[in-house]
Amino acid sequence: MLRAATLVTLASLALSACSDDGSGRASATAAIVSGVGTLPPTTEDATSAGTPTSTGETTGTTAGTTDDDGSSAPDPTGNGGPKFDIGKTPDAGPPPEPKACLKVDLLFVVDNSSSMKDEQDNLVASFPGFVQEIQQQLVDAESLHIGVVSTDKYEGNENPCDGVLGGLVTQTDGSNSSNQYCGPFVSGKRYMTEQDDLATRFACAAQVGTSGDSNEKPLQAALRALGPDLAQPGQCNEGFVREDALLVLVVITDEEEDGSSGDPPDWFNELVALKGGIETNIVTLALIGPENPECASAAEIAHRIIDFAEMFTYGSIGQICAASFQPFFHDAIAVIDQACENFVPPG
């Protein structure tokens, strides 16, 4: 009878394992049954199985205690029931390192003096491929801020930023300019993002024209654009510069840098200070009259800009009078990507 009772009990467990109440209990029950390696041997020993009494009751040792009403209570020692060896919890390892280069700020400083029409056209033609390669190569970068400034106190800009050195261009005026309002930008501010139609918006802003001051101040304009004064709430460049973004500074001029106050080491130190003292978080790209230019009659050698750019770990210098800027920008992608890989989060 005990062997039969045991088989009935096992059959009940098996049937319970096959039923599913929709809560996932079926798999749990099946796991418990399958986890038992062997059945305990059957025996007629009254100690393990109980001895029938004259009234039909059974006495003996069980895994728990018996209440007065005949129900079985849990073993107070906690030692009853099967035990399962589930092994050690696998080590998940160290958490992945946070991605550093998630944001990129690009500032284009465009000479708007009388000799720059062809160069501005070249820049506009080369920009779409450049920004597309940035988005493809910098796979972790999630956000772009793109701004344009001229090399003087640009008079064609939208109020109240017309005549402000370093103010981001949102409207153009003058000879050979796009001569139109370039916004509104999706940011709601004076800079473009990846959410804008960049080919169209940038083409408008970058064609600043050729009616500007011949005493160009490209580095002074850049430092003003990136500095704290114009970044204040309500000011021309509010929200453009981000402390935790890689900065890419692009200078485009066919003249020597004679207009900005200070010298290359001064510009270098000021720009690095604006980026929290982390020099490697800056990339400098200069399309200028380099040493041994291809068009000496059309561009001055920009010795001071060369000295400035060569102080940085990441940078590149190209020919302002090249037939196309696309090869220069294509090669610069590798430099930007390397700087992005080695970006040091502030703080």
Residue-wise, which Karplus ³J(HN,Hα) couplings in Hz belong to the stretch 337-343, taking 6.51 cos²θ - 1.76 cosθ + 1.60, θ = phi - 60°, and x for glycine or proline?
4, 5, 4, 5, 4, 9, 4
Let me have the relative contact order for the stretch 103-341, percent, based on Cα pairs under 8 Å that are six or more residues apart.
22 percent
Calculate one ³J(HN,Hα) per residue across the stretch 307-315 by plugging θ = phi - 60° into the Karplus curve 6.51 cos²θ - 1.76 cosθ + 1.60, and present them in order as whole Hz with x for glycine and proline.
4, 5, 5, 6, 6, 8, 5, 10, x
For VAL248, other-chain or 5+-apart residues with amide H closer than 5 Å (H placed, Pro excluded) are ASP105, LEU106, LEU107, VAL283
Give me a comma-separated list of calculated 3J(HN,Hα) values for the stretch 123-133, in order, Karplus coefficients 6.51, -1.76, 1.60 applied at θ = phi - 60°, integers in Hz, x for any Gly or Pro.
4, 4, 5, 8, 5, x, x, 5, 5, 5, 5
Can you give me the orientation-averaged projected area of the convex hull built on the Cα atoms of the stretch 103-341, in nm²?
11.0 nm²
When the label point is put 7 Å from the Cα of MET311 along its Cα-to-beta-carbon vector, which residues of the stretch 263-292 have a backbone N closer than 14 Å?
263-275, 277-280, 282-284
Could you please report the charge total around GLY347, scoring K, R as +1 and D, E as -1 over all other residues with beta-carbon less than 11 angstrom from its beta-carbon?
-2
Between the stretch 188-212 and the stretch 227-261, what is the C-alpha centre distance in whole Å?
15 Å
Quick check: pseudo-label points 7 Å beyond the Cα along Cα→Cβ at ALA298 and ASN269, how many nm apart are they?
3.8 nm
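For VAL251, VAL124, VAL344, which order do you get if you count the other beta carbons within 10 Å of each Cβ and list the fewest first?
Working: VAL251 26, VAL124 19, VAL344 15.
Starting with the residue having the fewest Cβ neighbours, the order is VAL344, VAL124, VAL251.
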Give me P(r) over the stretch 210-296, computed from all C-alpha to C-alpha distances, binned every 5 Å, as integer percentages.
3, 12, 21, 23, 20, 13, 6, 3, 1
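Read the figures in this text as sums done on the coordinates, not as results from a lab. Please read these numbers as outputs of a predicted model, since none were measured by experiment. Note that we place each Cβ from the backbone using ideal geometry, even for glycine, and neighbour counts take in every protein chain shown.
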